[in-house]
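Each remark here refers to the structure printed beneath this line.
No value in this document is a laboratory result; all are computed from the given coordinates. Every value quoted in this text rests on a predicted model; they were computed, and no experiment measured them. Note that each Cβ is placed from the backbone with ideal geometry, even for glycine, and that neighbours are counted across all protein chains shown.
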C-alpha cells in the first residue's frame, strides 16, 4: 500500500475506536470539471 492509503486507513481506525461514524468511499469515475491533484 502507498503512504496515503495507509494514512486513510489509520485515521479511519482511530475514528471507529472513538465511536465516530465514518464513510469510506472510492470514486470510480468522474466527468466534466473533475478535481485535480494537490498543488505543492
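Computed from label points 7 Å out along Cα-Cβ, the spacing between residue 17 and residue 3 is 2.2 nm. In terms of packing, defined here as the mean over residues of other Cβ atoms within 10 angstrom, the peptides 20-32, 4-16 line up highest first as 4-16, 20-32. Using Cα atoms only, what is the angle between the long axis of helix 3-17 and the major principal axis of the chain, expressed in degrees (0 to 90) to the nearest 10? With rounding to tens, the tilt is 40 degrees. Stokes-Einstein, applied to the Kirkwood radius of the chain over Cα pairs at a viscosity of 1.567 mPa s and 4 °C, places its translational diffusion at 103 µm² s⁻¹.
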